[in-house]
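The values are calculated or read from the model by the stated rules, or taken from the named source; none is laboratory data. The model shown is predicted, which means the values in this text are computed figures rather than measured ones. Here the Cβ is made from the backbone with ideal geometry for all residues, glycine too, and neighbour counts use every protein chain on show. These accessible areas exclude ligands, DNA and RNA; they are computed on the full protein's heavy atoms, side chains included. Shrake-Rupley method; radii C 1.70, N 1.55, O 1.52, S 1.80 Å.
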Amino acid sequence: MTMTLPEQRAAADTPPPPAVRPTRRRSPLTWLRGGGLANLVFVLPMLFVFVFFSWSPIVQSVIMSLQKTNLIVSEWVGFDNYLAVIGDPELGRAVLNTLWFAVLALLFGFPLPLLMAVLMSEVRRGKGIYSALAYLPVVIPPVVAVLLWKFFYSADPSGVFNTVLGWVGIPPQPWIQDAVQAMPSLVLEATWAGAGGSIIIYLAALLGVPPELYDAAEVDGAGIAKKVWHVTLPQLRGILFIMLILQVIATAQVFLEPFLFTGGGPAGATKTVLLYIYDKAFRNSLGGDYGEATAVSVLLAIVLAVLSWLYFRLTDRWSTT
């Protein structure tokens with residue numbers, strides 16, 4: 001088949017394909033001359049620290065979870081530790097307590113910082129003072145804050161909170177000494193201690209909301225509630241979901257509050273997963289069952305890894321849209 005004259009001209013005008021340069025394998029000598037050895041020397045200290053302090057404990061934990069050990073005598077038992085802890089009803093109750101803490105923290109601790117941030121963003125004067133006061137609980141050392149609130153939670157009628165309740169005619173409450181009120185009391189302190197950081201993040205996110213959206217909503221006759229619902233929340237959709245996942249990850253690792261407030265009591269009502277791990281490993285003065293404790297730690301790490309993966313996938317998706 002012969003080409004027509006236009007096709008021949010087009011073929012003549014088409015530039016030839018670029019020549020493919022043969023790939024040369026880099027020899028060790030070329031790598032050394034290119035500064036490879038110097039780069040390796042700079043990377044080695046960081047690599048050693050990372051492997052020794054990060055990956056080595058992870059590998060040792062996985063190995064320990066497959067052993068029956070008290071750190072002196074070890075016996076290989078395979079997956080028996082995992083089967084033992086999964087069948088332990090005490091772990092099931094600890095998981096339920098942790099979920100109950102997470103639900104209460106999401107109901108009270110998640111919307112409250114957002115509400116306070118929205119209210120503070122409407123303040124025209126003294127916004128810096130309010131921001132500093134909101135962040136002040138974060139500055140207080142956590143142990144000091146818990147011990148202070150434990151004093152406030154005294155069940156005596158002369159206790160701080162019971163005295164305040166007496167002013168409005170409410171009888172004294174047992175607070176952390178009651179199995180029903182103990183977990184909400186822990187969540188109340190945890191919300192107070194952690195709300196400041198969330199408020200600062202929400203305040204920074206609110207600065208990115210275009211003011212013309214609020215102006216348009218005001219022209220349409222929208223009040224504060226409708227502005228928040230139709231303008232603020234849609235604009236903060238990404239940061240709200242990220243904060244939600246981070247709070248779920250944090251509540252899954254709650255330990256300080258139940259450990260210092262109640263020690264897991266009363267009657268195991270505040271015993272969380274991390275406190276269960278602590279009891280397995282350290283409550284026995286003769287040496288705990290470190291194998292089962294590490295097995296629970298590995299299971300918890302898997303759950304947190306899945307949540308972290310979800311967090312990174314969502315943040316990566318929103319950063320590219």
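Of the labelled options (i) 33, 61, 6; (ii) 29, 50, 20, 1; (iii) 21, 41, 25, 10, 3, 0, which one gives P(r) over Cα pairs in 20 Å bins from 0, in percent as computed for this structure? Calculated P(r) over Cα pairs in 20 Å bins from 0, in percent: the matching label is (iii). Basic side chains Lys and Arg get +1 at the Cβ, acidic Asp and Glu get -1 at the Cβ, and with that the dipole of the chain about its Cα centre reaches some 1140 debye. With contacts taken as Cα pairs under 8 Å and at least 6 residues apart, the chain reaches a relative contact order of 25 percent. Rolling a 1.4 Å probe across the protein heavy atoms gives the chain an accessible surface of 65 Å² per residue. Lysine pair count for the chain with Cα-Cα distance under 22 Å and sequence separation of 8 or more or different chains is 4.
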